[in-house]
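To start, the structure under review is shown below, and the notes come after it.
The values are calculated or read from the model by the stated rules, or taken from the named source; none is laboratory data. Quick caveat, the model's predicted, so the values are computed rather than measured. A quick note on method: Cβ atoms are made from the backbone with ideal geometry, for glycine too, and the neighbour counts reach across all protein chains shown.
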Amino acid sequence: MLSRAAERVYWLGRYLERAESTARIVQQYSQLLLDLPDEVGVGWDELVTIFGARETFHEPKADEKTVLRFLVSDSESPTSLAFSIRMARENLRNTRDLLPTESWEAVNELSQFARRHLGDVSDDDDRFEVLSECIARSLTICGSLMESMSHGAPYQFLRLGQALERADMTSRIVDAATAHVRKDPDLVARFGSELGTNVLKSVSGFQMYRQYCSPRVEGRQVVSFLTRDTQFPRSIAYCINRGRKACAALPGGDATKAALDRLAAQLAETPPPTLDAFDVSQIMDRLQSDIGQVHTTVAHTWFLPDGHQ
């Protein structure tokens, strides 16, 4: 498999997952701001920080409309949902011979829907419906790819990209919740159950948490579930294991697998029951940095001129 094609399939997996997770995070954050009182003092600017986009956000005022345009509808902003959808389409367009025809048709339909409706997200009445539709269409595309491809190298690169991006975005979803607690832990303690419930619902994990973890939603248990649970597909630990399996099926994957092993060991050493919100946020930041290092290993192994093909 040519390194250029492998890179495009890998980034297709990342951008599809990024689009879905961006929609989930914006949905969750919007709901949290509705549920929590104004006294908490968390504004829309915090969402820009969660996406790690402070350096590229140049607007003088970080109000609701400006932040939503930057993170959702601005197709030139590398952090936006619109940009992720556009790049997913571009990467799939250039690798159509490796992927099921149905996935190309579905990505085109998602792209057309995004162009028509993402500008409406700043309107409270349309936001949740539009974002839910983007999530549903992204899931359909991923389902078509995962269930219709032979499990050769293209599939493994797609799966690796998706796993790394999902681990990163799950850490940001956890970070979105702790942002509120860091601002005023005493006040938000009154709303802990609502906060944890929103986080779980944003990753479609509410039912699985109550079934396998606890019927009572408690903040530290939610963090533990989303970081260390090895059975839930959106937990960070599950994503790391999924990435390791993809590496094991690819030639030259030992270095990337070793980097993921180190990430898994670090995650296993974290004792969530002893952590406060500030500690959790620091751990999520470190995880995001370490996932970036794993990506660097992927690029040097398979995509750069001196890497393996």
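Observations
- Entry remark, the range 57-82: residues being of a type in the set (Phe, Trp, Tyr) and surrounded by fewer than 17 Cβ atoms within 10 Å (Cβ to Cβ) number 0 in total.
- Screening 275, 250, 187 for residues that are modelled with pLDDT of 95 or more and over 20 Å from the mean Cα position of the chain (by Cα) leaves exactly one candidate, 250.
- Any chance residue 126 is in a helix (DSSP H, G or I), without any contact (Cβ under 8 Å) to a residue 12 or more places away in the chain and more than 29 Å from residue 148 (Cα to Cα): yes
- Residue in the range 69-118 that is farthest from residue 151 (Cα to Cα), counting only those that are touching a Ser or Thr at 6+ places or on another chain (Cβ under 8 Å) and acidic (Asp, Glu): 74
- Counting only residues that are in contact (Cβ under 8 Å) with a residue 24 or more places away in the chain and either among the β-branched types (Val, Ile, Thr) or under 17 Å from residue 173 (Cβ atoms) (or both), the range 49-72 holds 7 of them.
- Test for residue 152: is it surrounded by fewer than 22 Cβ atoms within 10 Å (Cβ to Cβ) and out of contact with any helix residue (DSSP H, G or I) (no Cβ under 8 Å at 6 or more places or on another chain): yes
- Residues being of a type outside the set (Ser, Thr, Tyr), modelled with pLDDT of 85 or more and surrounded by 14 or more Cβ atoms within 10 Å (Cβ to Cβ) - total across the range 190-223: 13
- Test: residue in the range 108-124 that is more than 30 Å from residue 34 (Cα to Cα), surrounded by fewer than 16 Cβ atoms within 10 Å (Cβ to Cβ) and in contact with a helix residue (DSSP H, G or I) (Cβ under 9 Å, 6 or more places away or on another chain): yes
- The residues on offer are 260, 226, 287, 267, and the sole one that is at pLDDT 95 or above and either touching a helix residue (DSSP H, G or I) at 6+ places or on another chain (Cβ under 7 Å) or assigned to a helix (DSSP H, G or I) (or both) is 260.
- Residue in the range 2-17 that is out of contact with any Ser or Thr (no Cβ under 6 Å at 6 or more places or on another chain) and at pLDDT below 90 present: yes
- The single condition among (1) touching a residue at least 24 places away in the same chain (Cβ under 8 Å); (2) hydroxyl-bearing (Ser, Thr, Tyr); (3) within 28 Å of residue 292 (Cβ to Cβ) that residue 144 does not meet is (3).
- Among the residues of the range 29-42, the ones that are surrounded by 14 or more Cβ atoms within 10 Å (Cβ to Cβ) and either farther than 24 Å from residue 132 by Cβ or basic (Lys, Arg) (or both) come to 1 in all.
- Filtered by the rule that a residue be under 12 Å from residue 114 (Cα atoms) and either touching a residue at least 60 places away in the same chain (Cβ under 8 Å) or among the β-branched types (Val, Ile, Thr) (or both), the range 73-95 gives 81, 84, 85.
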